[in-house]
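Trainee: Can you keep this structure in mind? I'll have questions shortly.
The values are calculated or read from the model by the stated rules, or taken from the named source; none is laboratory data. Because the structure is predicted, anything quoted here is derived from the model rather than measured. Backbone-built Cβ (ideal geometry, glycine too); neighbour counts: all protein chains shown. Accessible surface areas use protein heavy atoms only, side chains included; no ligands, DNA or RNA. Shrake-Rupley method; radii C 1.70, N 1.55, O 1.52, S 1.80 Å.
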Amino acid sequence: MQTEKIQKPTQTERPRLSFWQIWNMSFGFLGIQYGFGLQQANMSPIYRYLGADEASIPGLWLAGPLTGLLLQPIIGAVSDRSWSPRWGRRKPFILVGALFGSIAMIFMPNSSFVWMAAGLMWMLDAGLNSAMEPFRAFVGDILNDKQRPTGFAVQSFMVGFGQTLANLMPYILPLMGISMVMSDGQLANGIPNSVRYPFYIGAAAILLSVFWTVRTTKEYPPIDDRYKEPHVFSDEEKKSISFWHLALSLGGAILAFFFAARIGGWVTGLLWGVGVLAGSYLFLMLPIFKEVLASLSAMPTVMKQLWWVKFFTWYGLPLMWQYLSLAVARYAFNAPDTKSNPLGFEEGTKWGGLCFAMFSISCALISVFIPRIAKAIGSARATHAVFLSIGAMGFFLTLTSNDKFIYLIGMTIIGLAWGSIMSMPYLMLSVAVPKERMGVYMGIFNGFICVPQFIGMLTVPLYYEPLLGNDPRNALVLAGICLLLAAASCFLVKEAKRTNEVVLPIGPGGH
């Protein structure tokens, strides 16, 4: 077992780590991404098996962005100020999140109705998001500036490899002698074994991979006890807290109003809006949110400039997870729904999983070369813009034919962009963020992923029929347009450069 200890850094530099140390600290990310891969490829079909209509699917995916928006900044802020001589700073959060995610993975394919599956998706996302942010902070915590591109590239490889395994499971399990044929007792909810068994394996994969990282990775201790001291907020920070407290409460109320009004009418919308406004305002009064709210106004310039890149990227990408398998089933297998052609719909879902597998394989392969490509181009933002444009072409390719292999080729191309999405923005951010605030800012940055998803879930159902013609393939084209807009937004970012000054051990945040 690779258990070599990381040597304690000086106050002026971090030591260079071996490849296997970087591998071990990222290995738990493999299980987390296996879970995300199963969710992304299978939740829309699961909802359809349980009777949900296509237009309501974006709203049923609400769990992901909401739990990410709430949990990741909190976990970042709390872990920045945490330390256990036995467990470290980030590892306890990773472990607890993995446990909750694994429990949800076991129960998900046994859902008996739509809202049970939606509730389990909330639990699954809460667990996976709780574990994911600390893994991002690991790279900033432990690696020096020169090795950070390698650290994020290894994480991108884990993303690709983990999601590849998840999507190939319906094809791998029969080769291992595990039957995909359902017995009469398993037909109650219509969810086939090709979905059911991979979820069970996913629960074990999450726990085992996270246990490996926890066992083999040592975190740096704080250089002093300042992290225990409560933060004293300046007058400027207090103004920031008040502003963001009100702004976020109103924003949440407006989103709740439109979401509820679309489902239950204006009166229902008003009741939800007022309820969310009051609840959000009280919730954000908790002490843990003060540091997060104070950090919002103090965001580095690069982080603010990256907002538009993240906005367009994450308004479009959820359309891929929500509609890719449905488009494959409709056009390549002549199965627009589960009732008109149930066998074709199952085969389309499996082929959609294979498309996601190729997407993940290309992500894993390109992640090995992204640091070299970025070095050759000489600019992280230009590198990211190139890959986003390539991904857009993959989405547009799905319009050219109904052949199932077109979707396979298109998703392989999109996977190249995914490799960059999982690394380049974080690299640009990591060299601009205050070192002692790595956790909270990585959490807030992941919140940038969530807000555009909220907006998408509220707006896509409004124009899915009139503008997209109730056609899942048109939703994929819209995703491609969004990636082109994100690529153009990359050139709004002014890249920061800095020397390899001390960043670890991490002291307290806030001052």
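Trainee: Here are Ile201, Ile191: which of them is modelled with pLDDT under 85 and not small (Gly, Ala, Ser)? I'd like the intermediate steps shown before the answer.
Mentor: Details: Ile201 fails: modelled with pLDDT under 85.
Only one candidate passes the filter, namely Ile191.
Trainee: Continuing with the same structure: Starting from region 128-145, keep only residues that are assigned to a helix (DSSP H, G or I), then list their pairs with residues that are aromatic (Phe, Trp, Tyr) and open to solvent by less than 10 Å² (accessible area, probe 1.4 Å) whose Cβ atoms are within a distance under 8 Å, requiring at least 6 positions of separation or different chains.
Mentor: Here the result reads Met132/Phe29; Phe135/Phe29; Arg136/Tyr426; Val139/Phe152; Val139/Tyr426, each pair linking region 128-145 to a residue that is aromatic (Phe, Trp, Tyr) and open to solvent by less than 10 Å² (accessible area, probe 1.4 Å).
Trainee: Hey, among the residues in region 274-288 that are aliphatic (A, V, I, L, M) and open to solvent by 50 Å² or more (accessible area, probe 1.4 Å), which one's farthest from Ile75 (Cα to Cα)?
Mentor: Per the criteria, the residue is Val274.
Trainee: If you go through region 263-273, how many residues are without any contact (Cβ under 8 Å) to a residue 40 or more places away in the chain, open to solvent by 100 Å² or more (accessible area, probe 1.4 Å) and not aromatic (Phe, Trp, Tyr)?
Mentor: Initial filter on region 263-273 (without any contact (Cβ under 8 Å) to a residue 40 or more places away in the chain): 264-273.
Filter once more, keeping what is open to solvent by 100 Å² or more (accessible area, probe 1.4 Å): 266-267, 270-272.
Subset that is not aromatic (Phe, Trp, Tyr): 267, 270-271.
Counting residues in region 263-273 that are without any contact (Cβ under 8 Å) to a residue 40 or more places away in the chain, open to solvent by 100 Å² or more (accessible area, probe 1.4 Å) and not aromatic (Phe, Trp, Tyr) gives 3.
Trainee: Just checking, how many residues over region 130-146 are open to solvent by 10 Å² or more (accessible area, probe 1.4 Å) and within 18 Å of the chain's Cα centre (by Cα)?
Mentor: 2
Trainee: Quick one: what pairs do we get from region 458-472, first residue in contact (Cβ under 8 Å) with a residue 12 or more places away in the chain and more than 17 Å from Trp314 (Cα to Cα), second open to solvent by less than 20 Å² (accessible area, probe 1.4 Å) and part of a loop (DSSP other than H, G, I, E, B), C-beta under 7 Å, 6+ apart or different chains?
Mentor: Asn470/Tyr464
Trainee: Do you know which residues across region 364-385 are surrounded by fewer than 19 Cβ atoms within 10 Å (Cβ to Cβ) and closer than 19 Å to Lys310 by Cα?
Mentor: The answer is Ser379, Ala382.
Trainee: If you go through region 40-55 one residue at a time, how many are within 30 Å of Val368 (Cβ to Cβ) and either open to solvent by 10 Å² or more (accessible area, probe 1.4 Å) or not in a helix (DSSP H, G or I) (or both)? First the steps, then the outcome.
Mentor: If we filter region 40-55 for residues that are within 30 Å of Val368 (Cβ to Cβ), which is where we start, we get 40-43.
So of that shortlist, the ones also either open to solvent by 10 Å² or more (accessible area, probe 1.4 Å) or not in a helix (DSSP H, G or I) (or both) come out as 40, 42.
Of the residues in region 40-55, 2 are within 30 Å of Val368 (Cβ to Cβ) and either open to solvent by 10 Å² or more (accessible area, probe 1.4 Å) or not in a helix (DSSP H, G or I) (or both).
Trainee: Among what's in region 298-335 and is free of Cβ contacts under 8 Å to residues at least 60 places away in the same chain and surrounded by fewer than 19 Cβ atoms within 10 Å (Cβ to Cβ), pick the residue that is nearest to Phe396 (Cα to Cα).
Mentor: Among them, the one singled out is Asn334.
Trainee: Quick check on my filter: what residues within region 99-122 are open to solvent by 10 Å² or more (accessible area, probe 1.4 Å) and either among the hydroxyl-bearing types (Ser, Thr, Tyr) or out of contact with any Ser or Thr (no Cβ under 9 Å at 6 or more places or on another chain) (or both)? Before the answer, list the steps.
Mentor: Start the filter on region 99-122 by keeping residues that are open to solvent by 10 Å² or more (accessible area, probe 1.4 Å), which leaves 99-100, 103, 106-107, 110, 112-116, 119-120, 122.
Those that are open to solvent by 10 Å² or more (accessible area, probe 1.4 Å) and either among the hydroxyl-bearing types (Ser, Thr, Tyr) or out of contact with any Ser or Thr (no Cβ under 9 Å at 6 or more places or on another chain) (or both): Leu99, Ile103, Ile106, Phe107, Asn110, Ser112, Phe113, Trp115, Met116.
Trainee: Can you tell me which residue in region 67-115 is nearest to the chain's Cα centre (by Cα), limited to those that are within 18 Å of Leu38 (Cα to Cα) and small (Gly, Ala, Ser)?
Mentor: Only one residue tops the list, namely Gly68.
Trainee: How many residues does region 56-73 contain that are surrounded by fewer than 22 Cβ atoms within 10 Å (Cβ to Cβ) and either modelled with pLDDT of 75 or more or closer than 21 Å to Asn167 by Cβ (or both)?
Mentor: Within region 56-73, the first condition is being surrounded by fewer than 22 Cβ atoms within 10 Å (Cβ to Cβ), and the residues that meet it are 56, 59-60, 62-63, 66-67, 70.
Imposing the further condition that a residue be either modelled with pLDDT of 75 or more or closer than 21 Å to Asn167 by Cβ (or both) reduces the set to 60, 63.
Residues flagged as surrounded by fewer than 22 Cβ atoms within 10 Å (Cβ to Cβ) and either modelled with pLDDT of 75 or more or closer than 21 Å to Asn167 by Cβ (or both) within region 56-73 amount to 2.
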